Structures are given as structure tokens and as C-alpha cells.
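Participant: Structure provided below as C-alpha cells; questions to follow.
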Amino acid sequence: MRRNRPKIVSIANQKGGVGKTTTAINLGAALAARGSKVLLIDLDPQGNASTGLGISRDQRGLTTYDLLLSDADIQSTARSTGFDGLSIVPATTDLSSADAQMMSGPRRLSHLKMALSQSASDFDTILIDCPPSLNLLTLNGLVAADTLLVPLQSEFFALEGLSQLLLTVKEVRASANPKLRLEGIVLTMYDARNNLSRQVEADVRDTLGDLVYQTRIPRNVRLSEAPSYSMPIFSFDPLSKGAVAYRMLAGEFLRRNPAEPEPAHV
Ligand SMILES: Nc1ncnc2c1ncn2[C@@H]1O[C@H](COP(=O)(O)OP(=O)(O)OP(=O)(O)O)[C@@H](O)[C@H]1O
Ligand SMILES: [Mg+2]
């Protein structure tokens, strides 16, 4: 997926524990395995994506905090992971103070956008792993992004949370990022034997139609184990149901985002 500028996708849902980080790591790794150069930006002070990809706390050096609040650029903050084609800008807990520090400035919504617009052309795709809140960090993620990808856990209150998130998208469009689009909704921790999972799926497909990926990510214990071995699922258990599902999701993502022709050389 060669592009003149990277496609920037924020992965967000203000509800905690719905599979944002698992999706960021494994969709990122699956796209990298298909030849994309992928940068994951850890925009969550919990730093789960960083830990899950084996960047230990004492190795983090420059982080997302520096990207947002100092002049550090992508080149100096991104580092490679053990997985070919997948790089990460890691986060540490100091990112939690960024919210308050950004609050005061006139550019409070566009710190990340500015940082990414400077020098990000080494990558085809940038995935932003947002925290479980609609705070300034997440808003920076939405303002910097071309699209929003929403992992939706197949459970009772999922749709309520989704309406609130979509309202925020409207507000962001009306203010700082008119071009923000929905990339898609992916059902996570899906259990086809569970009536509630099926009901949530029917409701969300009714409401959002083709925006909902055909691929559903099943509940799969191997997906929850992989981060403690610092690996994407494809290194940890490439034949697991979770690996198969994230590979399929990457296929759908690429079909929705066909490669652009190389710029003509004159
Ligand atoms: N499909 C799945 N099957 C089984 N476990 C999963 C699956 N997806 C995620 N998990 C596990 O569920 C927990 C929450 O997932 P994850 O950290 O990806 O969610 P999150 O939305 O990023 O959470 P937070 O809101 O705290 O950032 C983790 O322990 C993760 O390993
Ligand atoms: Mg997370």
C-alpha cells in the first residue's frame, strides 16, 4: 500500500477493555506482514501497546509525550519492534500529564496532527492506539486521523457507547478535522453461541451497514496471552482463531484501501 503520505487511522472507543490495543497490535502486524510499512503510535498512558510489543519501560527513550509536547519528530521517537515492518512510538505513564499540559495552548487539539504532518512519509499506515476516554489525547488522535476504526465488544451497552463516540466524531468534523471519516467498526470478543453477541451484531449491522467489517474477532485466549510474550499473535500462535481473524481483517482493510499507483517519475 505505497502512498505519498501515510494513511492515518485512529483506533478508539471510550469504553475500556474492548480490544483497541489488541486490534492496533495485530492489525498493524498483519498489514506489515502483507508488505505495508506500519507505525503504531501508543497514545495511551497505560502503554499497553508498547509493553505488548516488548518495548520495556526503561528502553522507551523518547515517547509519544515528546512527540506531542516537545519538538521530537517521528524519526526520533519511532523504534522498530521484533516484527518486521512494524514500528512503534511508545508511551509511558508521563503521557497522562500531557492532557493537562495541552489544555492551555491554542493548538490544544492539533499537537499530534502537527507532529505527524512534519515527517511521516516513511510509513504507509499509521495506527493510533487511543486511551479509553474522550479526553484531549483521544481528541488529538481524532484530529490527526484520516479515519476512525472502532473496536466494538459484542455486549449490552456497546451501541450506547458507540452513539456517544459518533457524536464526538461529528463535533470533531465540525471543528478541527472536517475530513474525518469512519474507517469501520469491528466486532471483538465475538461468541457466535451467545445470543447477545448475535443481537448486538444484528443491531449494529442494521444501523451502520457496510461500515461494519464482515470479519468478527472471536474471543480467543491466545490473543490475550500473546502480549505477555511481547508478540503479535502471528509470531505467538499463527494458526490460532485470533490470528486467522486478524489476517482476514487486514484483508478487508486493504480492500477498502486499495494501493495508490506509484507517483510517475519524470
Ligand atoms: N478477541 C479477544 N479474545 C480474548 N481476549 C481478548 C480479545 N481481545 C482482547 N482481549 C483481552 O481483553 C483485554 C482488553 O483488551 P485490550 O487491551 O485490547 O482492550 P483496550 O480497549 O485496548 O483496553 P483499554 O481501554 O484499557 O485500553 C486484554 O486483556 C486483552 O488481552
Ligand atoms: Mg488499550
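The values are calculated or read from the model by the stated rules, or taken from the named source; none is laboratory data. On a predicted model such as this, the values are computed, not experimentally measured, just so you know. All Cβ positions, glycine included, derive from the backbone under ideal geometry; neighbour counts span all protein chains shown. Please note that ligands, DNA and RNA were not included when accessible areas were found on the heavy atoms of the full protein model with its side chains. Shrake-Rupley method; radii C 1.70, N 1.55, O 1.52, S 1.80 Å.
Participant: For region 94-144, what are the residues that are surrounded by fewer than 22 Cβ atoms within 10 Å (Cβ to Cβ), within 16 Å of ligand 1 (Cβ to nearest atom) and in a loop (DSSP other than H, G, I, E, B)?
Facilitator: Those that are surrounded by fewer than 22 Cβ atoms within 10 Å (Cβ to Cβ), within 16 Å of ligand 1 (Cβ to nearest atom) and in a loop (DSSP other than H, G, I, E, B): PRO132, SER133, LEU134, ASN135.
Participant: Same structure again: Considering ALA91, ALA30, which residue is open to solvent by less than 10 Å² (accessible area, probe 1.4 Å), within 16 Å of ligand 1 (Cβ to nearest atom), assigned to a loop (DSSP other than H, G, I, E, B) and touching a residue at least 12 places away in the same chain (Cβ under 8 Å)?
Facilitator: Only one candidate passes the filter, namely ALA91.
Results for (1) in a helix (DSSP H, G or I); (2) more than 12 Å from ligand 1 (Cβ to nearest atom); (3) open to solvent by 80 Å² or more (accessible area, probe 1.4 Å); (4) at pLDDT 95 or above, shown as yes or no for each residue.
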| residue | (1), (2), (3), (4) |
| --- | --- |
| ALA226 | yes, no, no, yes |
| MET231 | no, yes, no, yes |
| PRO238 | no, yes, no, yes |
| TYR246 | yes, no, no, yes |
| LEU249 | yes, no, no, yes |
| PRO258 | no, yes, yes, no |
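Participant: Something else: Any idea which residue in region 33-46 is farthest from ILE217 (Cα to Cα), counting only those that are more than 10 Å from ligand 2 (Cβ to nearest atom) and outside any strand (DSSP E or B)?
Facilitator: Looking only at region 33-46, we keep the residues that are more than 10 Å from ligand 2 (Cβ to nearest atom), and these are 33-41, 45.
Applying the additional criterion that residues be outside any strand (DSSP E or B) yields 33-37, 45.
Working: ALA33: 18, ARG34: 19, GLY35: 22, SER36: 21, LYS37: 23, PRO45: 25 Å.
Taking the candidates together, the pick is PRO45.
Participant: Residues in region 183-197: is at least one more than 16 Å from ligand 1 (Cβ to nearest atom), polar (S, T, N, Q), open to solvent by 10 Å² or more (accessible area, probe 1.4 Å) and closer than 30 Å to ARG107 by Cα?
Facilitator: no
Participant: Then there is this: Applying the selection to region 204-223, what residues are over 23 Å from LEU159 (Cβ atoms), surrounded by fewer than 19 Cβ atoms within 10 Å (Cβ to Cβ) and in contact (Cβ under 8 Å) with a residue 12 or more places away in the chain?
Facilitator: The one that is over 23 Å from LEU159 (Cβ atoms), surrounded by fewer than 19 Cβ atoms within 10 Å (Cβ to Cβ) and in contact (Cβ under 8 Å) with a residue 12 or more places away in the chain: ARG222.
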